[in-house]
Amino acid sequence: MAVPKPTLSTVAASAVLALCGSLLGVAVAGPAAAADTAPTPQPAATVPATLAPATGGPANATLADPARPGAPAAAPVAQNLALSSYDPGTGSAVLAPAANSPSIAAGPAGPAADAIKPGQLIDSPPTAAAPHGALVAVTGVRQAADGTVAVSTRPATLPELLGNTSAALHTAIDPGSFHVEPQLKGIQITSDLGPGSGHGSISGGIGLKADATVPLPNGSTATLAGSVELDPSVDFSYQGATGLIDPQQARIGFALGAHADWHVSGTFTGGVPIRIPIATYSASPVVMVGALPVVINLGFTLSADISADGTVTLDAEQSYDGSWGVHSDYVKGPGWTTTTDPGTSTVSPLKLSLSGAASVKAGLLAEGSIALYDTVGVKASIEPYLRVAADGTVVLDPGNTAPIDHGTVTLYGGIAIDGALMARLVILGTPVLEKDLPFLAFRREWQLTSLTTGQAPPHAVTWTPLVADAGDDSRSAYLTARADWDSGAHKASCPDGGRLVGLSHGGDRGLCTDAAKADLWAADRAFTVVHDETNVTADWAYGYTKAQCPTGSFATGFSRNGRSLGVLCAKAAGPLSTVTRTVWFDKGDNRPAPAGGGDFAYGWAKGQCADDEYVAGVAYSQPWYELWASRPYAMLCAKLV
C-alpha cells in the first residue's frame with residue numbers, strides 16, 4: 001500500500017535567493033564577468049560522521065571560515081577557545097581561552113582579536129554558557145582587557161558550516177549521556193553501561209524502577225509499579241549545498257525501543273484522561289562531521305496515561321515490547337516530508353482484575369523532541385497501550401483455569417503515534433515553513449482476546465510482525481541457538497511453531513501467526529532454505545522466480561541477499577493440504593477481511609494468506625528502479641488441511 005506523506009514544497013527560487021541574500025549579507029548580483037564565472041558544481045564530499053563519547057568528548061568551541069559555495073566544509077581555524085558567555089536573544093558572546101590555553105593571543109594559545117573576523121563561524125558543543133550548543137556567525141569583534149574577546153553574532157546555518165559535504169549517522173545514544181529527572185517519589189534510575197551500551201541494544205538502555213502512590217482527581221489514589229527500559233537513537237543526515245542556500249537533502253528524527261513490565265491499580269472514573277509524569281530524559285549528543293561538531297538535543301517525558309468511560313476498579317499487570325520512530329526528510333525541490341515508522345509492538349496482559357462497567361485504557365506515553373542546537377526540529381508522542389472493555393467482575397490469571405467470575409471482557413493492544421516537523425527549523429538552511437508540518441497520525445488497535453462467563457480460556461492467537469530491513473530478526477529460539485541458516489543475508493524467522501502468513505512488497509517485513517493451528521513444526525525441527533524453483537511443479541507466478549517449499553513443509557521465515565530471496569521451510573508435524581492459490585501484492589494490499597495482525601508493514605503494499613492457510617512459496621524479482629535488490633511480488637497460499 002503506497003501511503004502518501006505530508007509534503008510542503010520550497011518557495012519560489014527568486015524569493016529564496018532574496019531572503020537568503022539578506023540573511024547572509026550576500027548581494028544577489030547580475031551575471032559576473034567571464035573571468036569570475038562560478039565553477040561547475042561538484043558532488044558532495046562524503047565525510048565520516050561519528051558520535052562523540054559521552055565523557056571526554058569535545059569541550060572547546062571551533063572557529064571556522066564558512067564553506068565556499070559548492071565547496072566542502074573548511075578546515076577549523078582554531079579549536080582552543082571556549083564560549084564563556086552567550087546570550088541567544090541579543091547574539092552577544094564572549095570567547096575565552098580553553099582550559100589549557102593561558103590567553104587569546106596569536107600563536108598556539110589561539111587567535112588574537114584581530115584574527116577573529118566577521119563572517120567566521122563559532123561552533124560550540126554544549127557548555128554551561130550554551131547548554132544546547134551554539135552555531136553562530138561573527139558580525140563584530142572587540143578585544144577585552146582580561147584577554148577575552150567579545151563578539152556580536154547572528155544565527156548561522158549548517159550549509160554555511162558544512163557546505164557541499166555529505167554525512168549521515170543513525171546511532172543509539174549512550175545511556176551515560178542522559179540526565180534523568182524523576183517526577184514521582186519512589187523512582188529509581190539505572191543505566192546499563194556494559195559492552196552493549198550505545199550500540200542499539202536494549203541491554204544498553206536507560207532503566208527505571210517505580211513503586212509510587214499518586215493522588216487522583218476523584219480523591220482516591222493509584223499505585224504505579226514496575227520497570228521500564230528505553231533505548232533511544234537518533235537519525236541525522238546532510239547532503240551538501242551546491243550554493244549558499246539550502247542543502248540537497250537532510251534528515252532529522254529519532255527512534256525509541258522499549259521494554260516495560262508495568263502494574264497499575266486504582267479506582268478510575270470517566271472524564272478527562274489522567275496523565276501522570278514519571279520521569280524526564282534529556283541528552284545533548286555531539287555528532288562529529290569530520291572535525292566539526294554538530295549538536296543534537298534529545299528530550300522526552302515518560303508518563304502513565306489512564307482513561308476510562310465509566311467507573312472501574314482496576315488492578316492490571318501488563319508488558320510492552322517494541323520499537324517505533326519518526327523522521328522528517330528534506331529534498332531540494334519537493335521540500336519536506338514527514339514519516340511515521342510504527343515498527344513493532346507487543347502488548348500483553350499478564351494479570352488483570354477489574355470490577356465495573358467501562359472501557360479503560362492504560363498506556364505508557366513517551367513525548368519527545370529532537371533539536372539541532374537550540375532549534376526544535378521534530379516533536380512526537382508514542383504510546384503503546386492495553387485497553388479493556390468489561391462489564392462485571394473479571395479476573396484473568398495465567399494460572400487460573402476459570403478466568404472470569406461473572407461478566408464479559410475484551411482485551412485490545414494498541415499503539416498511537418503523533419507528531420510534527422516544527423516550522424522554524426531554519427538552522428538547516430531550508431525554506432521556512434508557513435506552519436508546523438504534522439506526521440500522518442498512526443493508530444492501530446488489535447484484539448487480544450474476548451471471553452464471557454463460563455468459557456474456558458481459548459487458545460490465545462499470536463501475531464508476530466517481522467522486521468528485517470536493518471538486520472536480522474530471529475524470533476525462533478531453536479534457530480537462534482544454531483548456525484546462521486542463510487549467511488550474509490538479511491533474514492527473519494517466526495517463533496517456534498508459528499508460520500509465515502504475510503509479506504510486504506518492500507521494507508523486508510513479514511507476519512507470523514499460529515491461528516487455526518499451533519505448534520505446526522515437526523518435533524525433529526527439520527528445515528531447509530530454498531532460493532530457486534527446485535520444488536516448483538506448476539508455474540503459479542509466470543515471469544517471476546519462485547522459491548517454493550517441499551511438499552509437507554511450510555514457510556516460517558524469509559531472507560534477502562541482494563537479488564536473491566530465500567524461503568525458510570519447516571517440516572510440518574502432520575500432513576498439509578496441497579490446495580493452493582496465488583496472492584499478488586505488488587500493486588497494493590491483498591489481505592483477507594478482516595485481517596489479523598494489524599498493519600504489519602505500514603506504508604508498504606503487502607499480501608496475507610487467510611487464517612487457515614500457510615505460505616508455501618514466494619515469487620520475486622527486481623523492480624526496474626532497484627535492479628540490485630529483489631522484492632517479493634506474490635505468495636503461494638495453501639490450506640492447512
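The values are calculated or read from the model by the stated rules, or taken from the named source; none is laboratory data. As the structure is a computational prediction, the values presented were derived from the model and not from experiment. Reconstructed Cβ throughout: ideal geometry from the backbone, glycine too, with neighbour counts over all protein chains shown. The area values use the complete protein model at the heavy-atom level, side chains included, leaving out ligands, DNA and RNA. Shrake-Rupley method; radii C 1.70, N 1.55, O 1.52, S 1.80 Å.
Largest first, what is the accessible-area ranking of K639, K351 with a 1.4 Å probe?
Values: K639 70, K351 95 Å².
From most accessible down to least: K351, K639.
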Query raised in the report: Tell me, in nm to one decimal, what length is gained between T139 and D524 on full extension, where the rule is 0.36 nm per residue of separation less the Cα-Cα distance?
Result: 131.1 nm
Requested in this report: With a 1.4 Å probe and all protein chains in place, put D486, D539 in order of accessible area, largest first.
Outcome: D539, D486
Query raised in the report: Just how much of I306 is accessible, in Å², when a 1.4 Å probe is used and the result is rounded to the nearest 10?
Result: 0 Å²
**Report entry** Cut-off under 5 Å, modelled amide H: who pairs with A516 long-range
**Finding:** none
**Report entry** Accessible-area value, I278, 1.4 Å probe, nucleic acids and ligands omitted, Å²
**Finding:** 0 Å²
**Report entry** Solvent-accessible area, 1.4 Å probe, carbon plus sulfur percent, for the range 478-592
**Finding:** 48 percent
**Report entry** FRET efficiency for D146 and K117, using Cβ-Cβ distance with R0 set to 30 Å, rounded to 0.05
**Finding:** 0.90
Report summary line: So, relative contact order of the range 283-419 in percent, Cα under 8 Å, 6 or more apart, is 25 percent
Query raised in the report: To the nearest 0.05, how large is the calculated FRET efficiency for A573 and T480 if R₀ is 25 Å and r is the Cβ-Cβ distance?
Result: 0.75
Query - Where labels lie 7 Å past Cα in the beta-carbon direction, separation of W628 and D87 in nm - result: 5.3 nm
Report task. Just check the range 483-541 against the gyration tensor rule for me: Cα atoms, a ≥ b ≥ c as the square roots of the eigenvalues, rounded for a/c under 1.5, and otherwise prolate or oblate depending on whether a/b exceeds b/c. Result -> rounded
Report task. With r as the distance between the Cβ atoms of Q183 and R154 and R0 = 45 Å, compute the FRET efficiency 1/(1 + (r/R0)^6) and round to 0.05. Result -> 0.75
Query raised in the report: Ordered by residue, what ³J(HN,Hα) values in Hz, to whole numbers, does the range 383-397 give under the Karplus form 6.51 cos²θ - 1.76 cosθ + 1.60, where θ = phi - 60° and Gly and Pro are x?
Result: 9, x, 8, 10, 10, 10, 9, 9, 8, x, 10, 10, 10, 10, 8
**Report entry** Three-way shape label, the range 128-178, alpha-carbon gyration tensor, a/c 1.5
**Finding:** oblate
Query raised in the report: Largest first, how would F527, F268 line up by accessible area (1.4 Å probe)?
Result: F527, F268
Requested in this report: May I ask for the distance between the Cα centers of the range 580-641 and the range 501-549, given as a whole number of Å?
Outcome: 10 Å
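Given the Cα-Cα distance of A470 and N218 and 0.36 nm per residue of separation, how much length would full extension add, in nm?
86.0 nm
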**Report entry** Solvent-accessible area per residue, Å², over the range 279-385 with all protein chains present [probe radius 1.4 Å]
**Finding:** 26 Å²
Query raised in the report: Using a ≥ b ≥ c from the Cα gyration tensor of the range 454-607 (square roots of the eigenvalues), is it rounded, prolate or oblate, where a/c under 1.5 gives rounded and otherwise the larger of a/b and b/c decides, a/b for prolate?
Result: rounded
Query - Spin-label proximity, R275 to the range 347-375 - amide N less than 11 Å from point 7 Å beyond Cα toward beta carbon - result: 365-368
**Report entry** Backbone HN-Hα couplings from phi across the range 313-330 [Karplus 6.51/-1.76/1.60, Hz, Gly and Pro as x]
**Finding:** 9, 10, 9, 10, 10, 9, 10, 10, 9, x, 8, 9, x, 9, 7, 10, 10, 10
Report task. Could you tell me the accessible area of E626 in Å² (1.4 Å probe, neighbours in place), rounded to the nearest ten? Result -> 40 Å²
